[in-house]
Amino acid sequence: MDKNTTSIKSSLIAWLTFPLFIFTMILFVYIYFVLEKKVTDFFDNRLKASAKSIEYSIGIKNSKLYVDIPSFSIELLSSNDKGLIYYSVVDEDNRLLVGYESLLNKKRLVDEEIIFYNTEYNNSNLRIVSYKMSLYSAGKAYNAYITLGETIEERDENINYVLSLLLIIMVIVIVSTVLITLVAVSEGLKPLNRLKKIIKKRDERDLEPLVFNAPKEVEDIVKSINILLERSRDTIDYIEQFNSDVSHQLRTPLAEMKVKLEFLYDKDDKDYIALNSLLNNMSHITEQLLLYAKTNPNTINLKRFKKQSLNAICKEYSLKTAPRVYEKGFEFAFENIEEEIFINCDQILLESMLDNIINNALHYAVDENGNPMGTITLSLERHNNTIWLNVKDEGNGVDKKFLKTIFERYYRVDSKKSGSGLGLSIVKQIATLHKAKVQAINENGLKISLIFDLPKA
């Protein structure tokens, strides 16, 4: 699997939270501008109303405008005692009637009846309203320019307060939404996670159908997996049957050839001995090749594996194999342990594995003249949480550098001797099927051990 592949959970969370974040940012910016507009309009209308109240203090006397407004009245125009107020009333001749110098900017009023603008005055940032008003006396118009400005602290404070509340609300909404999204995605993916755990817990060779109460979205996946498993089981059954048929078809002509050989030649005849040896070698290689194919981990049927007593299997095997070991001139011993050990295994495969190890000992544990050397011992040992199934001979052993190589396919220690080179490779393959490790050491001969892990109590 590609390491850069993202999980469904990550993708869902990204697709749900990223658009939410973008939408929230856009909404926040939009609300900011709307809010600023609303607050500005509110304070501008209040500023305008305050400016209009100055009109009532303007009069005409001696054909001149005058303003009769106490200073403190202007200060009262400010709300909540926040910020500063600047004002001015100027006549047509630019004569300041009341208020602050240079506050009026006539150029801004050229084309507008009333204007609002921001400016800086007396080291303060102001929001200004300025407009022209007219009084009439004796048919003559007297124009006055009213300008009123206030510092913007209160405006900014209100905007910031509302924006802070809005920001807090949005953060709460985003965090809550993300948390809900995480929970929702986790809950939504639970069926897939359960399916993953079921598959991971299964033995890689277990081809039984998946039993899983799948939701509709996963149902087709489970069905497809079960169809694939069924086809794999059918393929394995076919391969097993094929191996069985091939084995039968190959044994028959070889057996017929042996019968004809015995009929045509005397057993002491050199041709008989040579041809019989060749036929035996062919039979052995055929059996080994079929057993090697049969024990391929990818073509094994786990239904054949059952919980059985390893002690009983070894004892039964010892009784069957001892006569042929004695026949070859070797001694045979079986060393059991008192504790009864149960493992999940296929007895036939275990016996085939032991056959290969003992055949290897019968073949190689001989001196230079081909005479058998000592005893072949089958034993069981307990080491902590492992059981060791050992087969030991008293031959010359194997060169240390070849101890790991002997389990490789087609490898033979002595190329001058006949053999398929598959025996110990099959041993390792059967050990792997039983989740056991295999090792070889020199211990006054060659000792091959199968190490089974026992379940912890």
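All of the numbers you see were taken from the coordinates with simple rules; none came from a lab. Treat the numbers as computed from the prediction; the structure is a model and nothing was measured. Neighbour counts are summed over all protein chains in view; Cβ atoms, including those assigned to glycine, are modelled from backbone coordinates with ideal geometry.
Evaluating 6.51 cos²θ - 1.76 cosθ + 1.60 at θ = phi - 60° for every residue in the stretch 326-332, the Karplus couplings come out as 4, 4, 7, x, 8, 8, 9 Hz, glycine and proline recorded as x. Between residue 132 and residue 179, the FRET efficiency estimated from the beta carbon spacing at R0 = 60 angstrom works out to 0.50. Just so you know, the Cα atoms of the stretch 92-133 work out to an Rg and Dmax of 10.8, 28 Å. Here residue 265 and residue 197 are evaluated by their C-beta separation; at R0 = 56 Å the FRET efficiency comes out at 0.30. Please find the FRET efficiency linking residue 56 to residue 165, where r is the Cβ-Cβ separation and R0 is fixed at 41 Å, and quote it to the nearest 0.05. Step by step, r from the Cβ atoms, then E = 0.60. Both numbers refer to the Cα atoms of the stretch 136-184; Rg and Dmax are 25.4, 82 Å. Here is the link list: 320/447; 270/328; 260/428; 106/140. Which ones come out longer than 28 Å on Cα distance? In this structure, 260/428 lie more than 28 Å apart at Cα. Seen through its C-alpha gyration tensor, with square-root eigenvalues sorted a ≥ b ≥ c, the stretch 11-51 comes out prolate because a/c lies at 1.5 or above while a/b is bigger than b/c. Multiplying the residue separation of residue 368 and residue 96 by 0.36 nm and subtracting their alpha-carbon distance yields 84.5 nm.
Note on residue 221 and residue 153: the extension gain reaches 18.1 nm, defined as 0.36 nm multiplied by sequence separation minus the Cα-Cα distance. Once Rg and the Kirkwood radius are both taken over the C-alpha atoms of the stretch 102-175, their ratio Rg/Rh works out to 1.27.
3J(HN,Hα) along the stretch 350-362, derived from phi through the Karplus expression 6.51 cos²θ - 1.76 cosθ + 1.60 where θ = phi - 60°, amounts to 4, 5, 5, 5, 5, 4, 5, 5, 5, 4, 5, 5, 4 Hz, with x in place of Gly and Pro.
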